[in-house]
Structures are given as C-alpha cells and as structure tokens.
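**Q** My structure is below; once you've seen it, I'll send some questions.
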Amino acid sequence: MVGRFFAVVVLLVTLITAYCVITHVWWMPVDISVHGPKIDQQIEETIVVAGLLFIAGQIVLATFVALYGGARAKVKQIRGGAKPLIIFAFLLVGTEVLALSFVGSKAWGAVYFTPPDPGSMQIDVQAGQFAYYFRYPGPDGKFGDLHPELINEGSQNYFGIDPEHDPAAKDDIVTAEIAIPVNKPILLTLHSKDVGHSFYVRELRVQQDFVPGLVIPIHFTATQTGRFEIVCTQLCGLGHYNMKAYLSVLSQADFDDWLKKQAAMQ
Ligand SMILES: [Cu+2]
C-alpha cells in the first residue's frame, strides 16, 4: 500500500515537472543577440535529452516502488553484485555528456572561437567591489594606457588612466552605465581591479567571468533596443548581491546623443 502510494507521488511529481518544462512556466527571457539562438537551441536539446532520461528514470523508480516497496520491501543482494549495472550506467552517462559536449561545441565555438568583427566597437569594462565602470575611447578612437597604481575611487579614476601625461587618455569617456548601438558588433574587454566578478546579461546570452590580472575579450551583437540588467554572478564579497549595472541598447542616433552627454559630464 505504502509502495503504491509512493509510486503515485513519484509519477505526479514527474508529470508536474514535465508540464512546467514543456510549457515553459519558468523560462529564459527573450533573446536579443545574434549568437543567442544557437545557445537556446542547445539548451532545448539538452533539456529534451535530460528530460526523457528523467521521465524514464522516474517511471522505473515508480514501478519498482509499487512492486517491491512498503511492507513487502526486502533487502536482497543482486546476484553477482551491482558491478555490471554501474559500468552500464557509467558508459551511458559518459556517452550522453560527451555527445552533448560535441554537439554543444558549435554554440560554444560561435561565441568563443570566432574572432570579433573587425568593425567592432570596443568598450573597456572595469569590475571592482561592487560596481562596474565602462570606458569609451572618445573622438580619437584610442584608449589611454592603464596604470593600476593610479586607480583612485576618490578622484573617480576607476581605470587608472593618466590624462595629464597621456594624450590618448584625455578624451576617454568613463561611465557607470553602458550603452551600445543596436545591430552593431560590440567587443568588451573585461578587467577586474580586485577579485573575480562576472558580466551576465540574460537577454544577451552572455556570461563571462572577470579574472584579476587578465584582460578578457567577449563579443556580441544586440538585435533589439531596450534597457537590460547586468549582474555579477561570481560571489565577490559582502556587497555581491547588490553588484549590478544597466545596459541600454539604443538606435545609432540615440547612442550618439548619449555618448555626447557622457563626454560633457567628464
Ligand atoms: Cu562582483
């Protein structure tokens, strides 16, 4: 009796879970990137494969529990031990993971093994406990050199640039929010001034860690205008929960206006 009751519970949990996944009750937000559809397709495929195995596993569990569970349960040694079963499971799961990695490498390669478009707009990003700062090269199109020893929150020199001695740094535009033109390839170069952080924009399907001491490039093209949240997804200290910024995807004209206003505020 207990066994059958538990089997029904297992099947109900399976049905409700499958329903929520299939009807996308909790699902990803809309994708606004050029590379995103490949990632979404990969996630769908992974969920289908994992979901079918999950359902099959739950049905087997429910069957065994209905047949042998409850008061009739007896501990019985499988003849010859469970070794063959474990080897079989090991090979099955191993093959599945390998197959998914192989298929998924296409989506991964589209993000990481494709060089950025040569016409990309480069924006420098500095992460630090617990904020992001962004840097545009200004009218000369050149970034000033970085001198970490010059980083100073008090004088708002978040990147450690030297505008007094470095002509390329003079017109650099440093902002607390990032704006980009829609349909324009963007290349971000990520720096961290203290610990590991992360740049995560759900709608862009971009999630990349910052590592102190490294300059990490990441590129993407946004296809829709709007305002999106950037959150830090690496536990980076007490203020981690509050580490966020906003990304505005604007039309080219709006972007030009925005950048002009930011330049005037430097
Ligand atoms: Cu952080």
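The values are calculated or read from the model by the stated rules, or taken from the named source; none is laboratory data. Keep in mind it's a predicted model, so treat the numbers as computed, not measured. Cβ placement follows ideal geometry from the backbone for every residue including glycine, while neighbour counts extend to all protein chains displayed. Each accessible area value is taken on the protein alone, full model and side chains, heavy atoms only, with ligands, DNA and RNA left out. Shrake-Rupley method; radii C 1.70, N 1.55, O 1.52, S 1.80 Å.
**Q** Please note which strands (runs of 3 or more DSSP E) are completely contained in region 171-211 and include at least 2 residues that are in the same structural domain as Leu259 (by TED's automatic domain parsing) and within 10 Å of the chain's Cα centre (by Cα).
**A** In region 171-211, the matching strands (runs of 3 or more DSSP E) lie at 197-201, 206-210.
**Q** Tally time: how many residues in region 155-170 are in contact with a Pro (Cβ under 6 Å, 6 or more places away or on another chain) and open to solvent by 40 Å² or more (accessible area, probe 1.4 Å)?
**A** 1
**Q** Looking only at region 114-147, which residues are surrounded by fewer than 18 Cβ atoms within 10 Å (Cβ to Cβ) and in contact with a His (Cβ under 9 Å, 6 or more places away or on another chain)?
**A** Those that are surrounded by fewer than 18 Cβ atoms within 10 Å (Cβ to Cβ) and in contact with a His (Cβ under 9 Å, 6 or more places away or on another chain): Thr114, Pro115, Pro116, Asp117, Ser120, Gln129, Phe130.
**Q** Please specify each residue of region 232-258 satisfying the condition of being small (Gly, Ala, Ser) and away from the ligand (no atom under 16 Å from the Cβ).
**A** Result: Ser248, Ser251, Ala253.
**Q** Take the residues of region 194-207 that are surrounded by 19 or more Cβ atoms within 10 Å (Cβ to Cβ) and of a type outside the set (Asp, Glu): which is nearest to the ligand (Cβ to nearest atom)? Break it down stepwise before answering.
**A** Filtering region 194-207 down to residues surrounded by 19 or more Cβ atoms within 10 Å (Cβ to Cβ) leaves 197-199, 201, 203-206.
Now drop any that are not of a type outside the set (Asp, Glu), which leaves 197-199, 201, 204-206.
Numbers: His197: 4, Ser198: 7, Phe199: 9, Val201: 14, Leu204: 18, Arg205: 20, Val206: 16 Å.
Checked region 194-207; the qualifying residue nearest to the ligand (Cβ to nearest atom) is His197.
**Q** Could you say which residue among Ile55, Ile59 is open to solvent by 70 Å² or more (accessible area, probe 1.4 Å) and free of Cβ contacts under 8 Å to residues at least 60 places away in the same chain?
**A** Ile59
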